[in-house]
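*Asks:* Following this message is one structure expressed as structure tokens.
All of the numbers you see were taken from the coordinates with simple rules; none came from a lab. It should be emphasised that the depicted structure is a prediction, and the values quoted were computed from it without experimental measurement. Cβ placement follows ideal geometry from the backbone for every residue including glycine, while neighbour counts extend to all protein chains displayed.
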Amino acid sequence: MDNKLNTCISISELFYNNSSGLRYIIPNYQRPYEWDEQQIQQLIDDIVNAKQEHCSAYFLGTIVLGNYNKDNNIIEIVDGQQRLTTLLYILQHNATPSFHLYNSNLLDKTIPPDKRLQSIIDDILEEHKLQSNDDLFSFLKEHVYLFQTVLPANTDLNRYFEIMNSRGQQLQPQDVVKAYLMEQLEDENERSSFSVIWDACSDMDGYVQDAFPEEKRTELFGDSWNSIPSIQKIECVFTRKDSQDDTIVLHEQTILDIINTDITSEYSSPPLNRDRTKHGIVSFPTFLLHVLNLIQTKNCTNKHSNTSQYNSDSAIPNENHLIHKFKEWTKTDNIMEFAYSLLHYRALLDSFVIKTTDTPETWAICRYSKSMNTSSSDSNPYKDDSSRMILLQSMLRVTFTDQRRVFISPLLEHIDDYYNENIDHDNQSLQKLFDSIHEWCRSTLCKQLSNDGNNDLCQAICSAAKKGTGTSHFLMNMLDYLIWDAEHSKNNSSTCIQPLINKHKDILDKECEGIHQRIFDDFQFRYRNSIEHFFPQNPSSTTDRGEDKSEVSEELRDNIGNLCMMTRSENSRRGNLFPSAKVEQYSSSDQSLKFHIMAALLKKEETWNNNTVKKHATTMHKLLQEFLSCECDSSNCDAATEA
């Protein structure tokens, strides 16, 4: 094996300056390309965020290679095919790389291009407003790196894959952080407690209670196993002399020890009744950063400020900064305090924050509970307003697709403020919780709207509402939430939460006429990550209009009155259809509420033209103005009136 192949390699060197002529082969045993749109979006978001944070060197992970054939100068990709393929298509948006992927059966043939994949990636890059000559591509080529490692000759690949499947592919940054923090603890009982808490919290599927034996579960979470233990209570449970009986006594461990540990011996008994049907919406490394952020914010003198500390996306760094952030933090702070806080916030996360289910794009909030000595997770923590909280949180989740999930910290902060160990909360505290989350949404949206340098909020709304495909996804999703919230409040007398729209509910009710109540009852936020023009932006002369007489002037096609959210695949299928055809083909599917309002207006007006666009735009402006608490005359807004 040539040791020169084990190296840290820049994207530029790998994809454009492959002077060695090494050919990368996808072997037959590899699965086909299977990344979905969300994974592609995540990779691009990570690169964009790294550039915005001015990273001098951004590490994208490890590419594992094997079976190097020096005579033919070929090598197999053992792990990393998905990333390499995605990067190849991203770079083709800028300049065609000299790098190719080869089929193992046809060494003289490259893998044929995938037009659908290229289209998806091009759409995502365009949503980021990235042109082919954008600085992002220079950053990607010169400042983004992969670590290339080659397995020793004669490696048993079957054994290697077995190890990867059971242990994970490589030592992760969170493993390094765990080893580093434990190294700072001199007391063996503290080390044992830290390890137990860390391991219990690290599995983001299911509920943290399941990681503890029943006796310890009762000590921590009460007789019903669903109270939220305070940081003080957690400390008390883990520092009592008899509390170490069912924890693990560890000997001094290095990072190498952790790598070589037999994972089946880390627990004295296997986890009990682990619920694998519900999944956390945040990764463990990112959750660690949120807990660290919450601790640091609590220790700040301005923690009682009326303004949330988390209005900036920079509050939570990328996972690649995990090791650095913790090494920086341990210079001044208490490691065991972090461990107790980690368990406390994990219990809050499990009880009061949405999880995904095994059904795609289905959300649930269920508190863990005890029933006949088995776990049951059907307890509703928000009473009659559970559906409202699920819609609110899922709206944030599908909007902030970046892995940092910037809304998690403020969400946990507000839940921690207004909830204690008592399960039953009064209506007043629940209203305060919603008010706090709504206020974070309000301030974050205001900041987003003013990023163009317009400090006049009314004008910022007008400017943001005529950007076509560049319209803020947060703004569009927030409109759907405001529409749903108004309709839900009107039809549910049991709710204790005040509606966000009062002043303009009559005009909204009028636009919602003709929409079946089932549309609102069944509505869910999905990953509608593409902006659709209701009247096509570039109508084709060959597209069959049928009897559709709609016509919208070019100046108004990018107006918010002509826009709605949908999935990218739906957008690509029907982008050039005229309004009537779009409604006929898709009105029965799970579309955005704004789409259903536009469909209802089309049916009522029997056409879609400048007047209907402006009418709908005025309503959307009024909803935004009421939510953002600004008094504006919508008729003076050029976005709503220009013809």
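*Asks:* Between K604 and F284, how high is the FRET efficiency from 1/(1 + (r/R0)^6) when r is the Cβ-Cβ distance and R₀ = 41 Å? Nearest 0.05.
*Replies:* Efficiency, from the Cβ-Cβ distance: 0.25.
*Asks:* Calculate the FRET efficiency for V176 and Q498 from the Cβ-Cβ distance with a Förster distance of 41 Å, rounded to the nearest 0.05.
*Replies:* Efficiency for this residue pair is about 0.30.
*Asks:* E547 to T96: extension gain in nm, 0.36 nm per residue of separation minus the Cα-Cα distance?
*Replies:* Value of the extension gain: 157.9 nm.
*Asks:* With label points built 7 Å along Cα→Cβ from the Cα atoms of D187 and D590, find their separation and express it in nm.
*Replies:* 4.9 nm
*Asks:* A further question follows. Would you mind getting me the FRET efficiency between S386 and A57? Use the beta-carbon distance for r and R0 = 56 Å, nearest 0.05.
*Replies:* 0.80
*Asks:* Can you flag which of K467/K614; K51/K178; K216/K298 are past 21 Å Cα-Cα?
*Replies:* With Cα atoms farther than 21 Å apart: K51/K178; K216/K298.
*Asks:* Using 0.36 nm per residue, how much length does the chain from L22 to Q428 gain when fully extended, once their Cα-Cα distance is taken away?
*Replies:* 139.5 nm
*Asks:* F147 versus N451, label points 7 Å from Cα toward the beta carbon: distance in nm?
*Replies:* Label-label distance for F147 and N451, simple model: 3.2 nm.
*Asks:* Considering only C-alpha atoms, what is the centroid distance from region 203-229 to region 37-60, in Å?
*Replies:* 36 Å
*Asks:* Listed highest first by mean packing, meaning other Cβ atoms within 10 Å per residue, what order do 85-92, 136-143 come in?
*Replies:* 85-92, 136-143
*Asks:* Quick one: 3J(HN,Hα) in Hz for region 83-89, Karplus 6.51/-1.76/1.60 with θ = phi - 60°, rounded, Gly and Pro as x.
*Replies:* My calculation for region 83-89 gives 5, 4, 4, 5, 4, 4, 6 Hz in order.
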